[in-house]
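Here's the structure we're looking at; comments come further down.
Every read-out reported here was derived from the displayed coordinates using simple, explicitly stated rules and does not represent laboratory data. Please read all numbers here as calculations on a predicted model, not as lab measurements. Don't worry about glycine lacking a Cβ; one is built from the backbone with ideal geometry, like all the others, and counts go over all protein chains shown.
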Amino acid sequence: MNEVLTVAMLVVMAIGVFSGFPVALVLAGTGFLGFVAAVWVGITDFQHLGLIYLRARGVLTNESVQFTSVPMLIFLGLILNASGIAETMFRLLGRLLTGVPGRYAIATLLIGLVLAPAAGVIGASVITVALVAYAPMMASGYAPRTAGGAVAASGALGVVFPPAVMLFFISNVFYLRIGLMYVALIVPVLLMVMAFAVYFAVTLRKTVEIPLDTPKTNLVSDLLFVLASVAVIASIPLSIILGFATLTEAAGVGVFGALLVALARKRLSFSSLNSVTVQTSTMTSMVFFIVLGASVFSLSFHLVGGPDVIFEWISAFDLTRWELLAILLGVIIILGFVFDWIEVLLVFVPVLMPIFSELDFADHVGSAYFAQIWIAGLIALALQTSFLTPPFGYALFFAKMAAPKGINLSDIYRGAVPLVAIEIVLIAALISFPQLITWLPEMSLGDVDAPQLIQR
């Protein structure tokens with residue numbers, strides 16, 4: 001009966017999501033129906049109904065999980081976006097990279113990193129970059145597939161670069177320190193940017209890029225604005241890593257700094273502040289309703305024995321740990337096609353957690369705790385890869401939404417394929433050389449022993 005209820009809950013949830021109903025209600029409703037069915041067949045007791053309330057309340061009141069930082073990180077990214085960071089940075093990099101092949105494509109990638117805090121909802125960064133990057137790339141003779149691929153890649157990069165909101169949720173799911181999760185992704189993402197930049201420089205080496213047709217601006221003023229914005233964003237992970245502040249404190253100071261930067265730039269009007277506040281409220285409400293719905297579904301799924309059933313199914317194939325890891329990462333990529341990252345992290349990863357817990361890579365990585373950081377980093381990059389992978393990658397659709405005439409979705413697909421191939425090669429390298437993920441976390445701990453791995 002456990003197997004029947006497990007399949008039934010997954011099928012009902014999938015049907016509800018694909019039917020267009022609000023995801024939070026689908027998750028909570030499926031979880032409650034699954035609980036009632038489990039009571040009906042005698043798998044659990046009705047007295048456990050109170051656990052659903054306690055689970056939902058505990059998720060939001062857990063002091064070790066700093067959910068208050070989420071709206072501040074989103075607000076920070078949207079404020080910088082409203083202050084004109086994208087167009088200013090594109091204009092500045094266009095000047096500084098003069099003579100570098102593919103300079104506009106490379107500038108597009110770098111903007112994606114700066115917009116990382118706004119990448120909680122991937123469309124925010126993709127559309128912002130698209131509005132400033134498409135025109136100069138197309139005017140310089142870029143092939144539609146190259147321009148579309150660069151814009152999509154830029155938006156996808158910000159999802160996994162500190163202090164992106166997604167990394168907060170990954171660290172929460174794996175019970176990892178957020179500071180260590182932040183530094184773990186720095187080297188992989190920078191390697192990815194370098195690989196993308198080399199690809200664009202090589203493929204665009206014969207392209208003659210025309211100067212930007214923009215109003216004359218003060219180079220020093222633009223440079224100070226960009227540096228101040230980058231400093232505000234960088235201060236968040238740095239203050240956490242150095243132990244100066246918690247995530248909530250760092251995010252609060254970051255928001256204050258972003259407001260000062262926007263005021264100094266004279267781009268913060270009452271209407272823009274109101275718009276940013278409304279967007280932040282909308283995004284935050286969506287996130288927290290999904291968190292609550294996912295907590296209800298997750299508890300009910302555990303009560304019916306769902307994770308154990310899935311673990312038994314997969315264990316029956318007698319796979320090696322490397323084969324199992326490859327399959328799990330592939331499943332994460334496929335799930336990222338049809339579900340947003342927050343649903344994958346809060347619903348499906350906890351379901352697969354018993355399998356991840358059985359993957360003992362301590363001998364390969366160096367310790368059990370850093371093995372968890374390594375796996376969490378691989379999952380983050382697998383999700384990021386799914387956003388860029390044709391034909392269902394979210395970043396591809398957003399890149400098409402903001403594309404000018406002459407750029408079709410098929411062009412963006414063709415532009416994304418070589419970039420996805422680069423990402424897969426990078427993930428394979430990270431699997432072979434886990435130190436690329438764990439080196440900075442180990443350095444940040446110094447002589448301090450790694451934290452104890454929390455047992456579930």
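Within the P(r) computed for segment 292-443, what percentage of the Cα pairs occupies the region above 28 Å?
Details: 3350 of 11476 pairs.
Of all Cα-Cα distances in segment 292-443, 29 percent exceed 28 Å.
Think of the chain as a dipole: +1 on every Lys or Arg Cβ, -1 on every Asp or Glu Cβ, centred on the Cα centre; then among 43, 292, 277, 277 lies furthest on the positive end. Model label sites at residue 319 and residue 57, defined 7 Å from Cα along the beta-carbon direction, differ in position by 4.0 nm.
Per-residue 3J(HN,Hα) values for segment 44-55, derived from phi via the Karplus relation 6.51 cos²θ - 1.76 cosθ + 1.60 with θ = phi - 60°, read 9, 10, 5, 5, 6, 4, x, 5, 5, 5, 5, 5 Hz in sequence order (x marks Gly and Pro). Shown is the FRET efficiency for residue 312 and residue 41, computed with R0 = 25 Å from the Cβ-Cβ distance and rounded to the nearest 0.05: 0.85. Computed packing ranks the peptides 73-84, 129-140 as 73-84, 129-140, most packed first, by mean other Cβ atoms within 10 Å. For the chain, a simple Cβ point-charge model (Lys and Arg +1, Asp and Glu -1, everything else neutral) yields a dipole of about 1800 debye relative to the Cα centre.
A dipole drawn for the chain from +1 and -1 charges on Cβ atoms has a positive end, and of 263, 306, 373 the residue lying farthest that way is 263. Find how many whole Å separate the alpha carbon centroid of segment 130-180 from the alpha carbon centroid of segment 1-33. Segment 1-33 and segment 130-180 have Cα centres spaced 31 Å from each other. Could you pull out which residues in segment 127-163 have an amide N less than 16 Å from a spot 7 Å beyond the Cα of residue 206, following the Cα-Cβ vector? Label zone hits: 141-144, 146. Using a Debye calculation, one point per C-alpha and no hydration shell, please list log10 I(q)/I(0) for segment 127-234 at q = 0.10, 0.12, 0.14 Å⁻¹ in order. Calculated log10 I(q)/I(0) at the listed q: -0.41, -0.58, -0.77.
Modelled spin labels at residue 4 and residue 337, positioned 7 Å past Cα toward Cβ, are 3.1 nm from each other. In order along segment 141-158, phi translates into HN-Hα couplings of x, 4, 5, x, 5, 5, 5, x, x, 5, 5, 4, 5, 4, x, 6, 4, x Hz, rounded to whole numbers, per the Karplus curve 6.51 cos²θ - 1.76 cosθ + 1.60 with θ = phi - 60° and x for Gly and Pro. The value for segment 17-57 of Rg(Cα) / (2.2 N^0.38 Å) is 1.30. Taking θ as phi - 60° and the Karplus parameters 6.51, -1.76 and 1.60, the scalar couplings of segment 161-166 work out to 10, x, x, 4, 5, 4 Hz in sequence order, x denoting glycine and proline. What the pair-distance distribution of segment 2-445 shows, using all Cα-Cα distances binned every 20 Å from zero, is 25, 57, 17, 1 percent. For segment 186-313, a simple Cβ point-charge model (Lys and Arg +1, Asp and Glu -1, everything else neutral) yields a dipole of about 600 debye relative to the Cα centre. With each label modelled as a point 7 angstrom along the Cα→C-beta vector, the residue 358-residue 326 pair spans 1.9 nm. Each of 128, 248, 207 was scored by other Cβ atoms within 10 Å of its Cβ. Arranged with the fewest first, they read 248, 207, 128.
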